[in-house]
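The values are calculated or read from the model by the stated rules, or taken from the named source; none is laboratory data. These figures come from a predicted structure and were not determined experimentally. Here the Cβ is made from the backbone with ideal geometry for all residues, glycine too, and neighbour counts use every protein chain on show. These accessible areas exclude ligands, DNA and RNA; they are computed on the full protein's heavy atoms, side chains included. Shrake-Rupley method; radii C 1.70, N 1.55, O 1.52, S 1.80 Å.
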Amino acid sequence: MVPGVRLIVFGRQGAGKGTQCIRLARHFVVPHISTGDILRAAIKSGTELGHKVESVIAGGNLVTDELMLEIVDDRLQKPDARNRGFILDGFPRTIPQAQGLMDLLQPRGLDRAIDLDVPEDIVLHRLSIRRVCRDCGANYSTKKRPHTNWTCDVCGGEVWQRPDDTEEAIRQRLDLYAAQTEPLTKWFADQGLLSVVDGVGITDEVTERLLKAIEDARR
Ligand code: ADP
């Protein structure tokens, strides 16, 4: 079996983190921990956490660092993550979150932080045509399927446009990314943990690049 791994993947909204993280998680047999998915699941099931974060997310804003750290700490305590590792998708996205995470990960630490790099004009286009399954999060594009309503090929759930994929919320999310998340590249580079991977191209190619960057860093 491929040995486990402890990775974080960050990158602009629409860079393809979700798709690539699912593939990496399968490859390394570790859980894919997406904070966006955790929060959306809480909203869908109407939990206290869901009520707290619903309007924050719909407006394209960030949930507080304290709450996010609590959620991630909780998830990382589970046996799958403790024993084999994890692919963290969408966390950390601020420097205080990164500091908090590194504290949680002592003594073993993190293997690698990957910046999946896709320029802003390309992600803007990808997000405007993106549709997702409300149940399992599978991604679709209106370019491949022009009609508006369809059911998910994977689970039969309803495919819709995420409420934070409106033009206004996308702009807000990208601005927050530039202000709060982009500084993480330097922060992780300073610790010798950063790999930048080009996220433009066909999905299989990008996966190959990611696997190569991870293997190179392990040597
Ligand atoms: P995206 O990165 O495409 O905006 P995600 O699915 O990763 O989408 O996250 C959706 C929303 O969930 C974010 O816009 C934000 O409101 C909230 N969120 C997810 N992860 C975090 C985090 N680490 N810190 C703060 N808010 C978060």
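Across K144, K17, K44, mean-square fluctuation computed from a Gaussian network of the chain (C-alpha pairs under 10 Å connected) peaks at K144.
Near G157, the amide H atoms lying under 5 Å from its own belong to C152; only residues 5 or more places off or on other chains count, and H is placed 1.01 Å from N. The modelled label-to-label distance for the pair R134/T166, using points 7 Å beyond Cα in the direction of Cβ, is 1.7 nm.
Quick one: compute the contact order of the chain, relative version, from alpha carbon pairs under 8 angstrom and 6+ residues apart, as a percent.
Values: 309 pairs, mean separation 60.9, N = 219.
Computed value for the chain: 28 percent relative contact order.
Axis of helix 167-176 versus longest Cα principal axis of the chain: the two differ by about 10°, to the nearest ten degrees. Phi angles of segment 85-91 translate, via the Karplus equation with coefficients 6.51, -1.76, 1.60 and θ = phi - 60°, into HN-Hα couplings of x, 6, 10, 8, 10, x, 8 Hz per residue; Gly and Pro are given as x. For a modelled paramagnetic label at A178, 7 Å from Cα along Cα-to-Cβ, the residues of segment 109-153 in reach, with backbone nitrogen under 11 Å, are 120-121.
The gain in end-to-end length when the I95 to T19 segment is fully stretched comes to 24.9 nm, 0.36 nm per residue minus the alpha carbon separation. The HN-Hα couplings worked out from phi for segment 122-135 by the Karplus form 6.51 cos²θ - 1.76 cosθ + 1.60 (θ = phi - 60°) are 6, 5, 4, 5, 4, 5, 5, 9, 7, 10, 9, 7, 5, 8 Hz, whole numbers, x standing for Gly and Pro. Among the listed pairs K44/K186; K78/K186; K17/K143; K144/K186, which have their C-alpha atoms separated by more than 28 angstrom in this model? Distance filter (> 28 Å) returns K44/K186; K78/K186; K144/K186.
Contact order for segment 1-92, expressed relative to its length and based on alpha carbon pairs under 8 Å spaced 6+ residues apart, stands at 51 percent.
Which FRET efficiency, nearest 0.05, do I122 and V29 yield, Cβ-Cβ r, R0 22 Å?
Values: r = 31 Å, r/R0 = 1.41.
That gives a FRET efficiency of 0.10.
Average accessible surface for the chain: 52 Å² per residue, computed with a 1.4 Å probe over protein heavy atoms with every protein chain in place.
The simple spin-label model puts a point 7 Å past each Cα toward its Cβ; for D153 and D190 those points are separated by 4.5 nm.
Extension gain L104-D74, at 0.36 nm per residue separation less the Cα-Cα distance, in nm?
Between L104 and D74, full extension yields an extra 9.8 nm.
If the chain linking R219 and S45 were pulled fully straight, counting 0.36 nm for each residue of separation and taking away their Cα-Cα distance, it would gain 58.3 nm. Largest first, the residues D121, D165 sort by 1.4 Å accessible area into D121, D165.
Using just the alpha carbons, could you tell me how many Å³ per residue the convex hull of segment 1-48 encloses? Provide the component values of the computation, followed by the final result.
Values: hull volume 4.7 nm³, N = 48.
Expressed per residue, the convex hull around the Cα atoms of segment 1-48 is 99 Å³.
Using θ = phi - 60° in the Karplus curve 6.51 cos²θ - 1.76 cosθ + 1.60, the 3J(HN,Hα) couplings for segment 210-219 round to 5, 4, 5, 4, 5, 5, 4, 5, 7, 5 Hz; x is entered for Gly and Pro.
Working from the Cα coordinates of the chain, the gyration tensor eigenvalues give, after taking √(5λ), semi-axes of 26, 20, 18 Å in decreasing order.
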